[in-house]
Amino acid sequence: MACESDPYIFSTDTLPTDLRFLPPLANGLLGWRVYDNIMHMGGVYNGDDGRTHRADVPCPLAVKMETEELAKHAYCLDTHTGIFTHTLSTATVTASQALYSHRYYSNLMVMEILLVRQGTSQEPVTVELVSSFTPQSKDIAFESGPDYKGGRHIYGQTATPEFPGVSCATVHLIWTTMPPTLTLLPEQSQARWGFILVVANSLESAESSFDKGLSLMASGNLRPSHEQAWKELWLLSKVEVKGSETLCRAVIGCMFYLLSAFLSMHDTTSCFGGVSPGGLSNGGDGQDYWGHVFWDQDTWIFPSIALFYPKLARAVLEYRVRTVDGAKDNAQRQGYKGLKFPWESAVSGREVCPGDIYGQQEIHINGDVIHAFKHYLYLTEDLSMFREGQGSQVIWGVADYWVSRVTWSPEDQKYHLLGVMPPDEYYYNVNDSVYTNTVAKFSLQFAVELADLMQHPAPPEWQQVAEHIKILFDEESKYHPEYDGYVKGHPVKQADIVMLGYPLGLPMSPEIRRNDLETYEPVTDPHGPAMTWSMFAIGWLELGEAQRAQSLLEKCFGNIQGPFQVWSESSDGSGAVNFLTGMGGFMQAVLFGYTGFRVEKECLAFSPLLPDDVSELCIRGVNYLGSQMDWLLRKEEVCIILRGDTESKNRYNLQVILKASGTKIPLIPGQPVTFSREAGCICKVTPEYSCWPF
């Protein structure tokens, strides 16, 4: 059945006993777990080298409502609007506390309280505001500044820079003071209070944002402007499932938290600090990887966002461009040319991983970054990202790294990558990790392709290494060993070889794809990170085995912690929280698994397949070559609508090509195109004329 109640609203009468699973509220710049006395700001870290971690910032909104009367409590996270509400009800008053990180004005966080009198009593009614806030941080030595327009002000700098010679981050907080109690006077039937918090990197920005917050409150537009920004996001994308309420809510929760990790599309002043596995609300300690940015951003989180929001996707690429100097330094320290992106990144792009071996050996990160750039170009054909945006320097710098990193073997006439750690971190100092060598091969090929597009001379070594790099394959067993010397049946930590088919797209027969899945599925650690089973699910969907795929995808439900759909890294609740990486993998299983979407050089291929308990999948706002399409997938039917308001913006006339028959169906804005799903058949959405080269 479909979700009986509104699937976008997560409600409960009791908060989780494990406070880590309280809902995070974030807007791409500020992140906070409700009621916590600590919050975080994107791009603000403290400590050097492997001690760099996201700096803890005290949160003045760490306030709970209490009353002396016996009260009923209700808690609600409305993902339509990104607002968390606590409702306290007694015989004399209903008190509602609303908390949100402003979706449009990224420097703002808000608390609003409404008291409504119940019954006929005319006595004053008082609600206590119990605060756990202290203006202190282990990472920032705060000082008190002069009050600003009735708001308190503290400011300070982080104690230690990421590396010598750079300045420490400055943080200013200005907030409206909060009394210990709020009282509904005898003549009042209800009353409202609003409290704002501003966090910024400069006094000028803090005061300006505080002025904006006061102005919005005075005009009554504080909450409406926030709600409108969320409404705009949901209008651009929607993913809804009919048939499974659990799956329905999981999908909505994932999209909400993933979007919360990104800045407003209208924000032109804040600098996007990347996406870490635990999101912005976490990261001050090791449990949440210190707020560092890994391949999780580029490989696991990026694809689902890019499918709908090119502007947000571009921010991920721009983050990598800004860290090029650090990547160059990493390569030089290792004795190689070009760029070596860090396994763990903060602000500078220099390696900040506490364990040296990961930064030295988990070099597949370079290929993961390039795959995101390629995915973006194929989806958007936005060459400005590579010209003015300097993305080409990333692509070519990584190509130079691979050329200097490989070792030539005269015996087999192949290039090898020696002494690496694959995505499966149970093994290190191995040779020819198939995943690593494959992303190296593909990123070199993309460098040649991009050089041709931009009429840039490509060194012949790029193509030479791409053509001759070793991709291990066991001819007898017809499968890919994970690395040179891998013993079939040995345990595996997480998705590795299974990612060759998707997302990498390494050509292979269905037999080999099946053998890879059947080889690694039974030996993959059942307590490994959440995103792994999503990749197995996609593999089985490729092979037409929807129910087998679904049983694997449902393993992810054990990582979803109620009642607010917060993800833990492991199914026992341990590891990073709120685990955006697992959400990203899960969403890819829905968006690229059930649909069969594949972003290819000249088309968007698709081959839908739904499991038995999913009767319908609605995907609104797929953004391809500047056009937005809405998809409705049923068991035996596909309906596509090209949105009518995109025709003037798009220079391509899109068409659907049914592979089995070769039938071409033009997509006319506003007119639905419905056709029977051809079992196992990969179809395409493509321009009517070639869009390559530019």
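At a glance:
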item	result
Computed E for D147/D211 - FRET, C-beta separation, R0 22 angstrom, nearest 0.05	0.95
Charge tally in the Cβ shell below 10 Å around R514, where Lys, Arg are +1 and Asp, Glu are -1, R514 excluded	-3
Of every Cα-Cα pair in the chain, the percent that sits beyond 35 Å	44 percent
Whole-number percent relative contact order across the range 266-342, with pairs defined as alpha carbons under 8 Å at least 6 apart	20 percent
Summed residue charge, Cβ within 15 Å of R33's Cβ, Lys/Arg positive, Asp/Glu negative	-2
Degrees, to the nearest 10: 203-219 long Cα axis against longest axis of the chain	60 degrees
Degrees, to the nearest 10: 532-542 long Cα axis against longest axis of the chain	50 degrees
Range of Cα positions in the range 235-298 per principal axis (Å), largest first	39, 32, 19
Accessible carbon and sulfur surface of the range 1-129 relative to its total accessible area, %, 1.4 Å	51 percent
Cα-based helix-to-principal-axis angle, 434-453 vs the chain, degrees rounded to 10	90 degrees
Solvent-accessible area per residue for the chain (1.4 angstrom probe, square angstrom)	37 Å²
The range 572-677, relative contact order [Cα under 8 Å, separation at least 6], %	17 percent
Neighbour net charge for G47 - beta-carbon separation under 9 angstrom, K R +1, D E -1	-3
Spin-label pair I665/K231, simplified geometry with 7 Å Cα→Cβ offset, distance in nm	3.3 nm
Test item: Cα-centred dipole of the chain, Lys/Arg +1 and Asp/Glu -1 on Cβ, debye	1300 debye
Alpha-carbon spread of the range 296-409, three principal axes, descending order, Å	39, 29, 26
Contact order relative to length of the chain, as percent, for alpha carbon pairs under 8 angstrom and 6 or more apart	12 percent
Farthest positive-ward along the chain dipole, Cα basis, beta-carbon charges - from I357, V403, L517	V403
Carbon and sulfur %, accessible surface of the range 205-322 computed with the full protein complex present, 1.4 Å	50 percent
Listed residue pairs exceeding 27 Å between alpha carbons, taken from K64/K138; K328/K478; K478/K664	K328/K478; K478/K664
Protein accessible area in the range 535-644, 1.4 Å probe - carbon and sulfur %	46 percent
Cα-centred dipole magnitude for the range 361-402, charges only on beta-carbon of K, R (+1) and D, E (-1), debye, nearest 20	60 debye
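The values are calculated or read from the model by the stated rules, or taken from the named source; none is laboratory data. Just so we're clear, the structure is a prediction, and the values are computed from it rather than from any experiment. Virtual Cβ from ideal backbone geometry, glycine too; neighbours counted across all protein chains shown. To get the accessible areas, we keep the full protein, side chains included, count just its heavy atoms, and leave off ligands, DNA and RNA. Shrake-Rupley method; radii C 1.70, N 1.55, O 1.52, S 1.80 Å.
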